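Down below is the structure, laid out as structure tokens.
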Amino acid sequence: MEHPTYKIALIVGAGEGLSASLARLLSAQGIRVALAARKIEKLGALCSETGAKAYACNATEPEEVERLFGLVEREIGVPDLVVYNASGRSRGPFVDLVPAEVANAIAVSAYGGFLVAQQATKRMLPNKHGAILFTGASASVKGYAQSAPFAMGKFALRGLAQSMARELSPQGIHVAHFVIDGGIRSAARSEPADKPDSMLDPDAIAESYWNVLQQPRSAWSWELELRPWVEKF
């Protein structure tokens, strides 16, 4: 079976967790990596470690997203693998939610995903090759109390991914959405000593992203759900 190969990756919404794990894995596979975030000051160590290049970008602004892709294209090359890992949150009792904050949360979680995916697709279609991956959450499929804005944004992102997959898969672009159904372990957030493996390891999540990228096109997944093996909710 023939497995797809990728040369240049762009991770939007980069940080110290899953994005960092993805950057390390992809660079180890010989893929050049570009990282994009609103603030890139904290990405210096990761760039030094992986050889990645960081770009400042507000993913909710069309002009900034278009500029981002133009810069990456000129300085590294046309990305054939794009990961959208950004999300916005606004929590609280429903009647107390601030409309402007809700709009921003939805914009970051979903509208930014659309803008990034559209720029990526325009560059992938001529070669009929590429992959666009979206990071979802438990809220992609179930809305929790006092978390309506996050659920609204993640539900929309999932709908975007499903629609894109149906349209673009026949044109050679693999679109996949990942439901991260649980908390992700980090240096600042670890599981209790009496509950080992109750959080997802970001390196393990990255491995699952990579496994989906290696799928032959005769059996592509459009969605994968990941959750700790001890999870009960």
Subject >> Failed item, numbered, when R89 is tested on (1) of a type outside the set (G, A, S); (2) modelled with pLDDT under 95; (3) closer than 21 Å to Y6 by Cα >> reply: (3)
Subject >> Residues satisfying the stated conditions in the range 164-207, i.e. buried (at least 17 other Cβ atoms within 10 Å of the Cβ), among the aliphatic types (A, V, I, L, M), at pLDDT below 95 and over 15 Å from the mean Cα position of the chain (by Cα) >> reply: M199, L200
Subject >> Answer residue from the range 38-53, given it is closer than 19 Å to Y84 by Cα and of a type in the set (D, E, K, R) and is least open to solvent (accessible area, probe 1.4 Å) among those >> reply: K53
Original post:
Can you find even one residue in the range 77-96 that is in a helix (DSSP H, G or I) and either polar (S, T, N, Q) or within 22 Å of L125 (Cα to Cα) (or both)?
Top reply: no
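F155 - would you say it is in contact (Cβ under 8 Å) with a residue 12 or more places away in the chain, part of a helix (DSSP H, G or I), out of contact with any strand residue (DSSP E or B) (no Cβ under 9 Å at 6 or more places or on another chain) and closer than 28 Å to L125 by Cα? Even if it seems obvious, please write down each step before you answer.
Working: in contact (Cβ under 8 Å) with a residue 12 or more places away in the chain: yes; part of a helix (DSSP H, G or I): yes; out of contact with any strand residue (DSSP E or B) (no Cβ under 9 Å at 6 or more places or on another chain): yes; closer than 28 Å to L125 by Cα: yes.
Taking the combined requirement at face value, the residue satisfies it.
Kindly indicate whether A56 is on the phi < 0 side of the Ramachandran plot, touching a strand residue (DSSP E or B) at 6+ places or on another chain (Cβ under 9 Å), surrounded by 24 or more Cβ atoms within 10 Å (Cβ to Cβ) and modelled with pLDDT of 95 or more. Outline the logic, then answer.
Working: on the phi < 0 side of the Ramachandran plot: yes; touching a strand residue (DSSP E or B) at 6+ places or on another chain (Cβ under 9 Å): yes; surrounded by 24 or more Cβ atoms within 10 Å (Cβ to Cβ): no; modelled with pLDDT of 95 or more: yes.
No, not satisfied.
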Original post:
Restricting to the range 109-163, what's the tally of residues that are open to solvent by 20 Å² or more (accessible area, probe 1.4 Å) and either hydrophobic (A, V, I, L, M, F, W, C) or touching a Cys at 6+ places or on another chain (Cβ under 6 Å) (or both)?
Top reply: 9
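Tell me yes or no: at least one residue of the range 10-32 is free of Cβ contacts under 8 Å to residues at least 40 places away in the same chain and in contact with a Lys or Arg (Cβ under 9 Å, 6 or more places away or on another chain). Break it down into steps so the answer makes sense when it comes.
We begin by selecting, within the range 10-32, every residue free of Cβ contacts under 8 Å to residues at least 40 places away in the same chain; these are 23, 27-28, 30.
If we keep only those that are in contact with a Lys or Arg (Cβ under 9 Å, 6 or more places away or on another chain) as well, we get 30.
Yes, that holds for at least one residue.
Of all residues in the range 18-36 being open to solvent by less than 30 Å² (accessible area, probe 1.4 Å) and of a type in the set (G, A, S), which is farthest from I76 (Cα to Cα)?
Going residue by residue through the range 18-36, those that are open to solvent by less than 30 Å² (accessible area, probe 1.4 Å) are 18-23, 25-26, 31, 33-36.
Retained after the next criterion (residues that are of a type in the set (G, A, S)): 19-21, 23, 34, 36.
On the way: S19: 19, A20: 19, S21: 21, A23: 15, A34: 8, A36: 13 Å.
Result: S21.
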**OP:** Give the range 86-105 a look and list any residue that's among the charged types (D, E, K, R) and touching a Phe, Trp or Tyr at 6+ places or on another chain (Cβ under 8 Å), or say none.
**Re:** R89, R91
Original post:
Since H3 meets every condition but one in (1) farther than 22 Å from L125 by Cβ; (2) of a type outside the set (D, E); (3) open to solvent by 60 Å² or more (accessible area, probe 1.4 Å), which condition does it not meet?
Top reply: (1)
Original post:
Residues in the range 123-131: is at least one closer than 24 Å to V212 by Cβ and within 13 Å of the chain's Cα centre (by Cα)?
Top reply: yes
Original post:
Condition test on Y111, is it in contact (Cβ under 8 Å) with a residue 12 or more places away in the chain, part of a strand (DSSP E or B) and not acidic (D, E)?
Top reply: no
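The values are calculated or read from the model by the stated rules, or taken from the named source; none is laboratory data. Not measured: the values here are computed from a predicted model. Methodologically, a virtual Cβ is constructed for each residue, glycine included, from the backbone with ideal geometry; neighbour enumeration extends over all protein chains shown. We work out accessible area using only protein heavy atoms, side chains counted, and drop any ligands, DNA or RNA first. Shrake-Rupley method; radii C 1.70, N 1.55, O 1.52, S 1.80 Å.
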